[in-house]
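The values are calculated or read from the model by the stated rules, or taken from the named source; none is laboratory data. These numbers were taken from a predicted model, which means no experiment stands behind them. Cβ: placed from backbone, ideal geometry, glycine included. Neighbour counts: every protein chain shown. Please note that ligands, DNA and RNA were not included when accessible areas were found on the heavy atoms of the full protein model with its side chains. Shrake-Rupley method; radii C 1.70, N 1.55, O 1.52, S 1.80 Å.
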Amino acid sequence: MAQAASSSPALLDRLEAAIAEGRIKPDAGQRRVAEKLADLSRRLAHYDPRQGRGGLFSRLFAPRTRTTEAPRGLYIWGEPGRGKTMLMDLFFETVPVPPDDRRRVHFHAFMQDVHRRIHDIRAKQAAGIIWEDADPVAEVARILFEDAWLLCFDEFQVTDITDAMILARLFDHLFSLGTVMVATSNVPPDALYADGLNRGLFEPFILSLCARCEVVALTGETDYRLCGPSGDEVWVAPLGPDADAAMDRMWLSAIGALKAQPLPIDLGGRVLMVPRAAGSAARFSFADLCERPLGAADYLAIAERFHVLFIDHIPILAPEQRNETMRFITLVDALYDKRVRLVASAAGQPGELYPEGPLKGMFGRTVSRLEEMRRTGWPPLRDAAET
Ligand SMILES: Nc1ncnc2c1ncn2[C@@H]1O[C@H](COP(=O)(O)OP(=O)(O)O)[C@@H](O)[C@H]1O
Ligand SMILES: [Mg+2]
């Protein structure tokens, strides 16, 4: 059941407070989008798609102030680094909708989840557990809706034909059930799945997307990713209170107006807990990442989800620390390949981290990648089409 909304949604208060505290810069384009998100927040305070779906009793006593008319969501597009994710996450943190009814997810991960669920249903149909004529896409939409009716997608993009071919049906079901969608993307709706195979079958999705979401461009000149920590300051050594203070300072500027909190990320049935996350930034200790049984798939999922990664307390690695060292090598490869900005505190310079041991050869690649990642101008900017 949606909570009562305050007069001026917390979103604008939070944005103004972060500007007043100097944590973010005032930006007219962001303000305009924030006001649209605040307006949607206000309308969602009075929206409950599940009203009237419960039993007779709950329908009888449902407060009449609620409506089942789904408000139009918002599709925010624009160049990377304009603050789309920050604004959507600020909305997600402050929207007066119970946590159980809202979900924030990277669109790629969402579609992986959808395909997994469709696969499961088909397997159950083949085993005769589920009625074979049921439409798996409609069934998945129903399950997703029951799970959360407010969906916030980060980095909405369609490049894969298997996604493109089911999106229209999936979202028609979701929208007709009462789902409200907010999304960030680097391209406007009509540029999704550009030049894709069988694009004609995809175009109905663009129509329903534009019908169910107001499309707004965030067009500021400033790429705020370039304003964050860069160059020598992103590698803080040696360890100690000064290093921790420097990391905390850069962390605050990286999270902008957002509040950092622990975040579970779904790794295909397994859940990895991110100790501190906010928007496209995350913070771990070396121990969190390399002294636990994590592997390449985990590091890739982290690198896909976050654009800035903070790692505290990277130690000097001993020859017998083979597992930790191998994990660290794999982690840096994932961050490098996904062009993630790395901010780290360490016991020494990259070249000093692994003085000797069986992985010396491989670690050479890690050192050169860490050196490249600490240079001004890392990461090499991805243009809109590439992400
Ligand atoms: N107005 C601002 N002032 C300072 N930093 C900002 C501002 N807006 C966004 N940022 C920071 O810039 C980085 C990129 O923002 P993000 O929301 O990820 O952009 P996008 O999703 O458009 O690529 C983040 O670290 C964010 O905290
Ligand atoms: Mg983003």
Practice task
For region 219-226, indicate whether the set of residues that are in a loop (DSSP other than H, G, I, E, B), in contact with a Phe, Trp or Tyr (Cβ under 9 Å, 6 or more places away or on another chain) and not hydrophobic (A, V, I, L, M, F, W, C) is non-empty.
Solution key: no
Handout entry: Matching residues in region 130-178 - criterion: being touching a residue at least 60 places away in the same chain (Cβ under 8 Å) and of a type in the set (D, E, K, R)
Key = ASP154, GLU155
Practice task
Looking only at region 235-254, decide whether some residue is modelled with pLDDT of 90 or more, among the β-branched types (Val, Ile, Thr) and either surrounded by fewer than 19 Cβ atoms within 10 Å (Cβ to Cβ) or part of a helix (DSSP H, G or I) (or both).
Solution key: no
Exercise for the section: Have a look at GLU291, GLU304, GLU356 and point out the one that is among the acidic types (Asp, Glu) and touching an Asp or Glu at 6+ places or on another chain (Cβ under 7 Å). Expected result: GLU291
Fill in the blank from the handout: Out of (1) of a type outside the set (A, V, I, L, M); (2) closer than 23 Å to LEU87 by Cα; (3) modelled with pLDDT of 90 or more, the one ASP266 does not meet is (3)
Practice task
Please go through region 123-160 and pick out each residue that is over 30 Å from LEU90 (Cβ atoms) and either among the aromatic types (Phe, Trp, Tyr) or under 22 Å from the mean Cα position of the chain (by Cα) (or both).
Solution key: TRP131
Completion exercise
Listed by range, strands (runs of 3 or more DSSP E) wholly within region 86-187 having at least 1 residues that are surrounded by fewer than 19 Cβ atoms within 10 Å (Cβ to Cβ) and assigned by TED's automatic domain parsing to the domain that holds ARG199 are 102-106
Fill in the blank from the handout: By residue number, the members of region 255-290 that are open to solvent by 30 Å² or more (accessible area, probe 1.4 Å) and part of a helix (DSSP H, G or I) are ALA287, ASP288
